[in-house]
Every structure is written in structure tokens, then in C-alpha cells.
1. Looking at 247, 279, which one is in contact with a strand residue (DSSP E or B) (Cβ under 6 Å, 6 or more places away or on another chain) and within 25 Å of residue 195 (Cβ to Cβ)?
2. Just one of the numbered conditions (1) free of Cβ contacts under 8 Å to residues at least 12 places away in the same chain; (2) in a helix (DSSP H, G or I) is not true of residue 225; which one?
3. Please state which one of 180, 162, 157 is without any contact (Cβ under 8 Å) to a residue 60 or more places away in the chain, in a helix (DSSP H, G or I) and touching a helix residue (DSSP H, G or I) at 6+ places or on another chain (Cβ under 7 Å).
4. Is it true that residue 190 is closer than 29 Å to residue 33 by Cβ, in a helix (DSSP H, G or I) and in contact with a helix residue (DSSP H, G or I) (Cβ under 9 Å, 6 or more places away or on another chain)?
5. Please verify whether residue 141 is within 22 Å of residue 32 (Cα to Cα), under 17 Å from the mean Cα position of the chain (by Cα) and crowded, with 22+ Cβ neighbours inside 10 Å, treating the condition exactly as stated.
6. Can you name the helices (runs of 4 or more DSSP H) wholly within the range 60-154 that have at least 3 residues being over 22 Å from residue 173 (Cβ atoms) and out of contact with any helix residue (DSSP H, G or I) (no Cβ under 6 Å at 6 or more places or on another chain)?
7. Kindly list, by first and then second residue, each pair from a residue in the range 7-29 that is under 16 Å from residue 172 (Cα atoms) to a residue that is surrounded by fewer than 14 Cβ atoms within 10 Å (Cβ to Cβ) and modelled with pLDDT under 95, limited to pairs with Cβ atoms under 9 Å and residues at least 6 apart or on different chains.
8. With over 18 Å from residue 191 (Cα atoms), at pLDDT 90 or above and within 21 Å of the chain's Cα centre (by Cα) as the only criterion, which of 74, 14, 69, 79 stands out?
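The values are calculated or read from the model by the stated rules, or taken from the named source; none is laboratory data. A quick note: this is a predicted structure, and the numbers were derived from the prediction, not measured. Quick reminder, even Gly has a Cβ in these numbers, built from the backbone with ideal geometry, and neighbours come from all protein chains shown.
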């Protein structure tokens, strides 16, 4: 419990300095190396025409060298989950007898699994960029969203920023803390590996639809409980501050209004709490993707709703820590 509290405080103070050694950066490098190796073994170019693909497939099958990208994605996911959990597990086990060194390493690993301060800083960069003009705001937003920002107006920029903070309150704060509370620092790093694989490989385009299939599905499984817990804690922690009743109502009503089985829970909670409407169609690099809306447009979206969403994130993080503390005290008292 103490290690988690110290790690959370360090995250609030430091965030993620760009040049600071970070396990997630290492995870990213591992995934990129694995992808390069898999594609080299597979030798199946994604940009071929359908006729060429069929020809290549027959040729590869004839030689017995066809390597299934979907299977490769599953193998990569299982291997990386094991690495991300077992390496810190055995490291901490080995350091157990070294007192203060063990605690420092344990706190460091927990701290690197949490991204509340980083999310806060990136969202506020967009907030301040709006004062410098629409082009600057679009540019700043492009670093934290996976959609085309070039044609977004001010309201759409604010909406996209709010959606990112809401969804990542689950992915970057509550989910890693949830697995840390269950399995210690190795659990948090295991989750970060799953989430990092989804971020790098989990696209539904031609290049990644096969290789990223299992990373995306497994990420959905890992986020199933944390996403719903995030939405609930958002509403509970916002009582007497935001519209908690509407937050619960929208979260339940619009929980299926998203391509992700999990993202609509925190986004729906935020939409209801702030009485705004999120979701709707978006431009993903020249292609309009039609999406249902989340929430009711009781209020127009304004810049200050970004700050409100960040506040909800911190309230939710605090609520989870308090809940864990109560459970921890109850178990120890028995």
C-alpha cells in the first residue's frame, strides 16, 4: 500500500520526463523488433493487389513457408506478457533481501506503470494551444489521437481531447493500478505490455488487421473490468461536484456506442457528468468513420471541460486508492 502511494505521488510530481529511462519505451522497441522479424519471416507484403496476394499465397504454400500473421500476433502477445510479468517478478524476488534497494526498485516499477500526470500535461498542451490558434491546437492534438486533425474545428478539437483523457483514465491510470493492486508491480508492467502492443499493432487497416488481431482482443479482455470500474468510480467520486446521476445514466445507456467494448464506459461517464455529447463521426486520414454519439448535448462543449475531465481523472484515481486502502485494512484486520 505504501509503495503504491509513494509511486502515485512521484507520478503527480514528475510525470514521465522524456529522457528518463522507462520500461514502456523498452517494450515499444521489443515489439517493433518482433514485428520486423515476423514480417521478414512471413515475406507477405501488405501492399500487393488481391491477384498478386493469391499468387504469392499459392507460391508460399507450395514451398511450405507460409507464416500466418494472426498466429504470429498471438505468439508475440503470449511471449511478451510472460516477459513483462516474469522479468520484474524474478528481479524483485532476487532483491527481496536487499531492503531499501528492493523498495526503490518496486516503487520505480509501479511509478512507470502510471500515466496520470503525463496525460494531464498532454491534454493541457492542447488547452493552451487553443489560445495560439486553430492550427497550433490541431498540431498539438495530433500527438495524442489516432485521427486526422487537419480539418477539425475548435469544438471537435476539445471533444477529441476530452475523449482521449476519459478513455486513458482507464487505460493509463485505473487499469495499471488495478493490476498492481492484484499482482504487484509485475502485474502493472504486464498490463502496460498488453496496452502497448495494442497501441502499436491494434489497428484495423490492411497492414495490421492480422498481426494486430490478438493484441487488440487481449487488450479488450484485460480492460474489461478496469473500464467499467473506471466509469463507476468517475461517477461516485464526482458526487456534489458534477452530475453523478446523469453520469451513471449515460454510462449505462450509451455503453455500446463505441467500436471498443470498453471505451464507452469512461467516455459515457464523463459525457454525463459534464452534460455534454461526445463521439460522432470522425475523419481518420481522409476517410469519414461514422460513429454513434455518447451523451446528450445539454451543454455546448467548452475549453474548460478539458480541465473538468482532468479533475475527474484525478478524482477517480483517488477513489480507487481509497477503495483499495479500505479493502486492505479490512483484510488485515481479519
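1. 279
2. Tallying (1) free of Cβ contacts under 8 Å to residues at least 12 places away in the same chain; (2) in a helix (DSSP H, G or I), residue 225 fails exactly one: (1).
3. None of the others qualify; the one that does is 157.
4. yes
5. On the way: within 22 Å of residue 32 (Cα to Cα): no; under 17 Å from the mean Cα position of the chain (by Cα): yes; crowded, with 22+ Cβ neighbours inside 10 Å: yes.
The answer is no for residue 141.
6. Values: elements: 69-95, 100-111, 116-129, 134-141.
In the range 60-154, the matching helices (runs of 4 or more DSSP H) lie at 69-95, 100-111, 134-141.
7. 14/20
8. 14
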